[in-house]
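What follows is a single structure, written as structure tokens, with notes after it.
The values are calculated or read from the model by the stated rules, or taken from the named source; none is laboratory data. Given the structure is predicted, the values throughout are model-derived calculations rather than measurements. Cβ coordinates were reconstructed from backbone atoms using ideal geometry, including for glycine residues, and neighbour counts include every protein chain displayed.
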Amino acid sequence: MDESRLTSTSMNEVLERFKAGKPAALSRGISIVENQRDGFEAFLHAAMQTKLQGRRIGLTGPPGAGKSSLVALLTEFYISQGERVGVLAVDPTSPQTGGALLGDRIRMNDIAIDENVFIRSMATRGSLGGLAATTKEILDLMDCFGFDRLLAETVGVGQTEFEIARAVDTVVVVLVPESGDSIQAMKAGLMEIADIFIVNKADRPGSDKLVKEVRQAIHLRSGHNFKGFAGHHGPVIEVHDTAELNELDDELGWEPLVLKTNALTGEGIQELTQAIESHEEWIQGSGELQKRRKLRTEVRIREVMHRELVNRSIASRTVNKILTKRVEAVLSGHATPYSVAMELVDQFLEKDQ
């Protein structure tokens, strides 16, 4: 694949401006990818001629948990450290209108005007897993643009919203004291993707109880005594220095940290940034980062291959001709959907060689 497969002069112009570091070109490039315009994969191929190395942090949690406020505070912190930050917020699509309230730019209005910040909201458009269909590709595009940090905020928490773990390096799960089903959600698999748990709106009743429940769930899952475990009314997290954290990681691997925050007051944000830094140090030192990025790349290749095979098979005259004929065989009981499907696959792959 090369740049000659780009389908329009305007797409080539966007690509040149993208390579020149123009934020407006990044916005247009994202639109090209999000809408899957003809030639968008060639555009991505041409844009991604660089190593992906931005540090990726994903935040997920139930609606109203304060994810956007936490993202805004994290963004402020990272730009204060001289970093460039890209924010991608995924909002649910209305099943009735097909639209989405892309309100994260409104909530982050104070930081949106900073030249070192780029904020983009996108709708799920019916895609499951907490992400939109092209979220991973857009994160790749933003990474290629040169952001030091990529913050991805996803749709709520449920049994299917684990795609974020395949898109980022560090997963932060945000809960609130009112999350009555939070432990059930964790039993459904959330424990497997969370690197850090945040109990936000910690000034509300029940926050200490939720912290204790999450810690106990972590403790039971790991089968180890949780170092620094605090009682119901004790401190939420004992701040370890890096050496102590690394020593614990060497023994047990990474166990999710549990912190309390209040995004309105900024309480706990320093501890959150320290926890993220500690996790980044662990995944780099343990080799886990390389493993995650290797798996992420493999998954991306498989996803692109799957999409291309599906699109080509749908457009194939040979496949459609056989399909039309073989439907009657299935209805008459002389074939099954499975035998016909295998026949179509064999015919398509042979024809495509």
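Brief remarks follow.
- Count - residues of region 122-175 that are under 29 Å from Arg17 (Cβ atoms), at pLDDT 85 or above and in a strand (DSSP E or B): 5
- Taking region 66-115 as the region of interest, the helices (runs of 4 or more DSSP H) fully inside it that hold 1 or more residues being surrounded by fewer than 17 Cβ atoms within 10 Å (Cβ to Cβ) and modelled with pLDDT of 70 or more are 67-80, 109-112.
- Among the helices (runs of 4 or more DSSP H) confined to region 268-340, the ones with at least 2 residues that are at pLDDT below 90 and of a type in the set (A, V, I, L, M) are located at 288-315, 317-331.
- Residues in region 317-349 that are within 19 Å of His306 (Cβ to Cβ) and either touching a Lys or Arg at 6+ places or on another chain (Cβ under 7 Å) or charged (D, E, K, R) (or both): 1 in all.
- Selection of region 321-340 for residues being surrounded by 13 or more Cβ atoms within 10 Å (Cβ to Cβ) and out of contact with any Ser or Thr (no Cβ under 7 Å at 6 or more places or on another chain) yields Ile322, Leu323, Arg326, Val327, Ala329, Ala335, Ser339, Val340.
- Some residue of region 4-11 being surrounded by 14 or more Cβ atoms within 10 Å (Cβ to Cβ), at pLDDT 85 or above and not assigned by TED's automatic domain parsing to the domain that holds Ala194: yes
- Residue in region 209-220 that is part of a loop (DSSP other than H, G, I, E, B) and modelled with pLDDT under 90 present: no
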